[in-house]
1. Looking for whichever is touching a residue at least 24 places away in the same chain (Cβ under 8 Å) and out of contact with any strand residue (DSSP E or B) (no Cβ under 9 Å at 6 or more places or on another chain) here; the options are D194, D236, D264, D251. Which one fits?
2. In the range 133-152, what residues are open to solvent by less than 50 Å² (accessible area, probe 1.4 Å) and out of contact with any helix residue (DSSP H, G or I) (no Cβ under 9 Å at 6 or more places or on another chain)?
3. Can you tell me which condition W190 does not meet? The list is (1) out of contact with any Gly (no Cβ under 6 Å at 6 or more places or on another chain); (2) surrounded by fewer than 22 Cβ atoms within 10 Å (Cβ to Cβ); (3) of a type outside the set (G, A, S), and all the others hold.
4. Scan the range 281-295 for residues that are open to solvent by less than 100 Å² (accessible area, probe 1.4 Å), under 21 Å from I228 (Cα atoms) and not in a strand (DSSP E or B) and jot them down.
5. Do the conditions hold for V126, that is, is it open to solvent by less than 60 Å² (accessible area, probe 1.4 Å), in a loop (DSSP other than H, G, I, E, B) and modelled with pLDDT of 95 or more?
6. Residue under question is G38, and the condition is that it be out of contact with any helix residue (DSSP H, G or I) (no Cβ under 8 Å at 6 or more places or on another chain) and surrounded by fewer than 18 Cβ atoms within 10 Å (Cβ to Cβ); does it hold?
7. Need pairs with beta-carbon distance below 8 Å; first residue in a strand (DSSP E or B) and within the range 140-154, second among the aromatic types (F, W, Y); sequence gap 6+ or separate chains.
8. Among the residues of the range 84-111 satisfying the criterion of being surrounded by fewer than 20 Cβ atoms within 10 Å (Cβ to Cβ) and in contact (Cβ under 8 Å) with a residue 40 or more places away in the chain, which is nearest to G63 (Cα to Cα)?
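The values are calculated or read from the model by the stated rules, or taken from the named source; none is laboratory data. Just so we're clear, the structure is a prediction, and the values are computed from it rather than from any experiment. Here Cβ is always computed from backbone atoms with ideal geometry, including for glycine, and neighbour counts include all displayed protein chains. Note: areas computed on protein heavy atoms with side chains; ligands, DNA, RNA excluded. Shrake-Rupley method; radii C 1.70, N 1.55, O 1.52, S 1.80 Å.
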Amino acid sequence: MPTLAPLDLDGHCVTAAFLGSIPFFALADGDIHWLDHGHKSAQPHDGLLCASVEQSGKTLLSGGEDGKIIRTSADGASQTLADNNGKWITCVASGPHQAVGYATGRSAYVRDANGKIAEFTEQRTVEGLAFAPKGMRIAAARYNGVSLHWAAASAPPVDLEWGGAHGLVTFSPDGMYVVSSMQENALHGWRLKDGKHMRMSGYPAKVKSVSWSAKGKWLASSGAPAAIVWPFSGKDGPMGKAPLELSTRGDTMVTCVACHPTDDVVAIGYADGMILACLISDQKEALLRRGGKGPISSLNWSRVSAQLAFGSESGDCGIIDLVG
C-alpha cells in the first residue's frame, strides 16, 4: 500500500520535485524547502514564478519576480545564472549541456554552460519555453503561435502559426511534434516535418498541465474532470483519434498530471487535493491521497525510486511512496 509523508507549508507550491532522491518544494513567496535528514529551507528569490528540474535531474532552475535565474543543487546551495534587474521571469526551461532557457516580456533567452546568453525577441509576450529533445533548438509560445529558434545559430526562426493565445509548450520525446496549450480551452499541435495542424479541443477548462508518457506514445493533460490522454503512436499523432479519459470524477476537475518516467502510469491531481494513479493500458486506478486543503499544483516522480512529490495551491505538500 502507498504511504504518505505530509509536509505542511505556508503558501502556493509552484513546483514539487526530486533532485536525485531528495524532495524539493519551491513556493511562490520565494522560499525553497527540501527534506534531507530533516526539513531545511532557503529563500533564493523575492517572489518565485517558475521552477523546473534540469535535465540531469540533479539541480533545480527557478525564476522570480526579482528578475533572477537561480540554479539550486541537492544540498540547497544556489547560484545566480542571470539577473534581469527586477523584470519578472515568466518561464524557465532546461536544455542539453546545461543550457538554460528563460523569458521575460517579449524576450526569450538561452544561456549556455559557459555563461554566453543569446536573446530572441518576439512580437508578443513569451508565455512558455521548451527545448527540443535533441540539439539546441528552443520553442517559444506567444500570441498566435510558437516560434522555433536555433540557440547557437543566427538563422531566422520557424514560425508555427495558429490564432489565439498560447501558453505551455512542449516537444514530443521523439521531436516529431510541438504541442501548446491555449487560452481557448484547447491544445494545438504541429507535425514538424510538414507543419500539419493538430486540434485537440473539447476541454471545459484551460489546460494548465501536460505530461508525455515514458516512450512518447501518450500525452496526458488536465482541464477536465478526467485526465485527457491523447494518442501519439501513429504517424498522424492524435489526428482523427479520440483521447482516453482516465479517472473521471464528475464533480471535480483535474488540475495536474505527471506520467511515470518508465511505466505507462499517470499520476492525476484534482482540485480538491485528491491524487490517483492510473494505468493507461487498462485504466486501473489506485488512490494515493484522499484530498487536502487546496488544488494540486505540482506532481513529479522520482527518477531513482517509486516516489511521487506533490504540492498544492494551499501549501499542503508531501511525498507518496508507492511501495510503502
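1. Numbers: D194 fails: touching a residue at least 24 places away in the same chain (Cβ under 8 Å); D236 fails: out of contact with any strand residue (DSSP E or B) (no Cβ under 9 Å at 6 or more places or on another chain); D264 fails: out of contact with any strand residue (DSSP E or B) (no Cβ under 9 Å at 6 or more places or on another chain).
Among D194, D236, D264, D251, only D251 is touching a residue at least 24 places away in the same chain (Cβ under 8 Å) and out of contact with any strand residue (DSSP E or B) (no Cβ under 9 Å at 6 or more places or on another chain).
2. First pass over the range 133-152, keeping only residues open to solvent by less than 50 Å² (accessible area, probe 1.4 Å): 135-142, 145-149, 151.
Residues satisfying the conditions are R137, I138, A139, A140, A141, R142, G145, V146, S147, L148, H149, A151.
3. For W190, the failing item is (2).
4. Taking the range 281-295 as the starting set, the residues that turn out to be open to solvent by less than 100 Å² (accessible area, probe 1.4 Å) are 282-283, 286-289, 291-292, 294-295.
Now drop any that are not under 21 Å from I228 (Cα atoms), which leaves 282-283, 286-289, 291, 295.
Answer for the range 281-295, where residues must be open to solvent by less than 100 Å² (accessible area, probe 1.4 Å), under 21 Å from I228 (Cα atoms) and not in a strand (DSSP E or B): D282, Q283, G291, P295.
5. On the way: open to solvent by less than 60 Å² (accessible area, probe 1.4 Å): yes; in a loop (DSSP other than H, G, I, E, B): yes; modelled with pLDDT of 95 or more: yes.
Yes, satisfied.
6. Details: out of contact with any helix residue (DSSP H, G or I) (no Cβ under 8 Å at 6 or more places or on another chain): yes; surrounded by fewer than 18 Cβ atoms within 10 Å (Cβ to Cβ): yes.
Taking the combined requirement at face value, the residue satisfies it.
7. Close Cβ pairs (under 8 Å, with a partner that is among the aromatic types (F, W, Y)) amount to A140/F120; N144/W162; G145/W162; V146/W190; S147/F120; H149/F120.
8. Taking the range 84-111 as the starting set, the residues that turn out to be surrounded by fewer than 20 Cβ atoms within 10 Å (Cβ to Cβ) are 84-88, 90, 96-98, 105-107, 111.
If we keep only those that are in contact (Cβ under 8 Å) with a residue 40 or more places away in the chain too, we end up with 90, 96, 98, 111.
On the way: T90: 7, P96: 19, Q98: 16, R111: 14 Å.
Out of the qualifying residues, it is T90.
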